[in-house]
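Written out below as structure tokens is the structure these notes cover.
The values are calculated or read from the model by the stated rules, or taken from the named source; none is laboratory data. Only a predicted model underlies this, so the values are computations on that prediction, with no experimental measurement involved. Positions of Cβ are generated from backbone atoms using ideal geometry, with glycine treated the same way; all protein chains shown enter the neighbour counts. Surface areas here come from the heavy atoms of the whole protein model, side chains and all, with no ligands, DNA or RNA. Shrake-Rupley method; radii C 1.70, N 1.55, O 1.52, S 1.80 Å.
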Amino acid sequence: MSEQTRAARYSALAIALHWTIAALIVLQIVIAGRMEGRTPEAFAVVQFHKSIGITVLLLSLARLAWRVVNPPPPEPATLAGWERTLSTVVHWAFYVVMIGMPLTGWIMVSASRIVLPTLLFGHIPWPHLPGLPELAPAAKKVWHDTARDAHHLIIKGAYVLIALHVAGALKHQLFTRNEPVLARMAPGAVGGRWLEPRLFAILAGVIAVIAFGKLYEPPRPAMGVLPPPPVAPAEPVAPTPPAPVVAPAPAAAAAAPEPVLSAPAKWAVTPDSTLGFATAWSGDAIQGRFDKWTADILFSPDALDGSRVSVAIDLASAKTGDEQRDASLPSGDWFDTASHPKATFTATRFSKTGEGRFVAHGTLSLRGVSRPLNLPFRLKITGDRAEVSGVTSLDRTAFGVGQGEWKSTDQIPAKVTVTIALKAKRM
Ligand code: HEM
Ligand code: HEM
């Protein structure tokens, strides 16, 4: 008997792969129910779904290769002809599911309107299917929608297959003796035994996977965390200070009197200057920064009339501390850098509101829309050095930043805070 059981079971590797893949497919189905919406949680669940799905693809290809080299053990001789045919059809159809589901998912994300990089489990870069991200939008949509329909269709077929497969395994386990079918995948299972411990172990496993799929919270995109700017600052500075940092104390001002510049002077911005923005996603703060921008400054606090400032911001250099989220910022939904690579802020009118305090009355051009923007700022000039800090806010929707489902302000508010912390040297 034990000889026979050993001879009639799948190899240890085939068994390990069978149960691992089965568990991951059940997990995929459960977590797919949590991917709706534009919340950071849903975003994280989609990334997790992609990671598990690609894992299933790799394991299934390995399983298929192993199966070709190591054919399954002969089936029990007592099986009826239709049972053999049905089980063979179900097994091969399962391979279509195990490979077709991840493949259609992969096509979907590669041909997505906004092509986001895939980082498996947050770390391992996974490529897009070659050719798809570069397609014209209309062709991309056809690929994406067809793959999505196939993804939805195959999973419906999978539900039928799982029902047939489990029913078959249970029928042979519970209602027939001497037909050790379950024992082929769960070695040691005794046919005809209702209180078979391996059946309970499988049931417990399924319940555990469902519970995990419902409760597990995959790591969410990074919020409010920004890596340091690419140019090493001369002195340590906070990446994007939330509030103005320069507040000249009257005593300090008295100690180092500001030079009088009767004509506007040219200023060169030093690399430790930052241009930041702050918003929120689903109530969590997001800090952002533009890494590439230039400023043309002709300014004197004593000659405001001739002063002018012009800032050009490379929108593709926006960073918010999450690689996948940042990859979507240049897209048509956000900054649309293909049509409008730069935003500009130009101010030719300045007013003084207090000691060392000014307002630049300018125009912001962003995404093809130009609107007035006032930037209150503080200025401290010491010798030929100047420090400027300012905070203002704007309505992103007025510039069309956030299209489609992102137009709504329920997840990401309309108001964006813009912060400058600028250091400059007189030229
Ligand atoms: C074994 C592998 C997989 C299984 C069992 C699976 C299962 C599912 C299920 C059940 C849904 C929900 C379908 C519905 O709403 O009717 C879904 C949706 C989705 N899956 Fe998968 N999936 C797998 C692999 C993948 C992979 C590898 C990716 C991407 C790399 C992916 C991307 C998606 C996406 C983007 C959706 C949302 C589609 C939509 O817009 O409705 N899936 N998946
Ligand atoms: C989504 C889940 C599942 C998938 C995709 C799946 C897939 C497969 C495939 C493809 C085979 C053929 C052997 C192979 O090439 O590996 C197989 C065999 C088998 N599976 Fe599953 N399975 C799943 C769930 C289950 C469950 C829940 C049970 C038990 C209740 C089970 C019991 C068996 C048994 C006993 C065999 C051996 C049948 C034989 O060769 O006569 N499977 N399964």
TODO: Rounded to the nearest Å, what's the spacing between the alpha carbon centres of the range 292-339 and the range 341-405? Just the number, please.
DONE: 10 Å
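Give, rounded to the nearest 20 debye, the magnitude of the charge dipole that the chain has about its Cα centre when Lys and Arg contribute +1 at Cβ and Asp and Glu contribute -1 at Cβ.
On the way: 41 positive and 31 negative charges, 87 e Å.
Here the chain has a charge dipole of around 420 debye.
Could you tally the net charge around Val181, taking each other residue with its Cβ under 15 Å from the Cβ of Val181, Lys/Arg +1 and Asp/Glu -1?
Values: positive: Arg9, Arg84, Lys171, Arg177, Arg184, Arg193, Arg198; negative: Glu75, Glu83, Glu179, Glu196.
Neighbourhood net charge equals +3.
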Task: Kirkwood-Stokes translational diffusion coefficient of the chain, alpha-carbon pairs, 37 °C, 0.692 mPa s, µm²/s - done: 125 µm²/s
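At a 1.4 Å probe radius, which order do Val418, Val68 fall into by accessible area, largest first?
On the way: Val418 35, Val68 115 Å².
Putting Val418, Val68 in descending order of accessible area: Val68, Val418.
Quick one: if you take sqrt(5λ) for each eigenvalue of the C-alpha gyration tensor of the range 292-427, what semi-axes come out, biggest first, whole angstrom?
Details: eigenvalues 179, 47, 37 Å².
Gyration-tensor ellipsoid for the range 292-427: 30, 15, 14 Å.
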- [ ] Could you calculate the FRET efficiency of Ala139 with Thr382 from 1/(1 + (r/R0)^6), where r is the beta carbon distance between them and R0 is 45 Å, rounded to 0.05?
- [x] 0.15
TODO: Sort the following peptides by mean Cβ neighbour count (other Cβ atoms within 10 Å, averaged over residues), highest first: 351-362, 135-146.
DONE: 351-362, 135-146
Open item on the list: Using protein chains only and a probe of 1.4 angstrom, how many square angstrom of Met427 are accessible, to the nearest 10?
Closed with: 150 Å²
Open item on the list: What would the Debye equation give as log₁₀ I(q)/I(0) for the range 2-215 at q = 0.09, 0.10, 0.18 Å⁻¹, counting only Cα atoms as equal point scatterers?
Closed with: -0.42, -0.52, -1.33
TODO: Could you state the angle between the C-alpha long axis of helix 40-69 and the longest principal axis of the C-alpha atoms of the chain, as a value from 0 to 90 degrees rounded to the nearest 10?
DONE: 40 degrees
- [ ] Might you tell me the accessible area per residue for the range 250-426, computed with a 1.4 Å probe and given in Å²?
- [x] 45 Å²
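Got the relative contact order for the chain handy, in percent, Cα pairs under 8 Å and 6 or more residues apart?
Values: 747 pairs, mean separation 59.2, N = 427.
Across the chain, relative contact order equals 14 percent.
What number comes out for accessible area per residue over the range 41-106 if the probe is 1.4 Å? Units Å², please. Don't jump to the answer; show the numbers that get you there.
On the way: 3020 Å² over 66 residues.
Result: 46 Å² per residue.
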Open item on the list: Cross-link candidates for Lys171: which aspartates and glutamates have Cα within less than 13 Å, leaving aside residues fewer than 8 places away along the same chain?
Closed with: Glu83, Glu179
Task: Listed residues Leu116, Leu329, Leu174, most fluctuating in the chain (Gaussian network, C-alpha, under 10 Å) - done: Leu174
TODO: Whenever you get a sec, compute what percent of the accessible area on the range 319-427 sits on carbon and sulfur atoms (1.4 Å probe).
DONE: 51 percent
TODO: Note the angle between two axes, namely the Cα long axis of helix 197-215 and the longest principal axis of the Cα atoms of the chain, as a number of degrees from 0 to 90, rounded to the nearest 10.
DONE: 20 degrees
Task: the range 2-215, accessible surface, carbon-and-sulfur percent (1.4 angstrom probe) - done: 74 percent
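Among 52-63, 122-133, how do they line up from the highest to the lowest mean number of other beta-carbon atoms within 10 Å?
Working: 52-63: 18.4, 122-133: 12.6.
Result, highest mean first: 52-63, 122-133.
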TODO: Could you pull the accessible area for Ile29 with a 1.4 Å probe, rounded to 10 Å²?
DONE: 50 Å²
TODO: List, in the order given, every pair from Lys319/Lys380; Lys50/Lys156; Lys292/Lys425; Lys319/Lys425 whose Cα-Cα distance in the structure shown is over 21 Å.
DONE: Lys319/Lys380; Lys319/Lys425
Task: 0 to 90° range, to nearest 10: angle between helix 137-175 axis and the chain longest Cα axis - done: 30 degrees
Open item on the list: Report D for the range 284-364 in µm² per second (integer): Stokes-Einstein, Kirkwood Rh on Cα pairs, 37 °C, 0.692 mPa s.
Closed with: 226 µm²/s
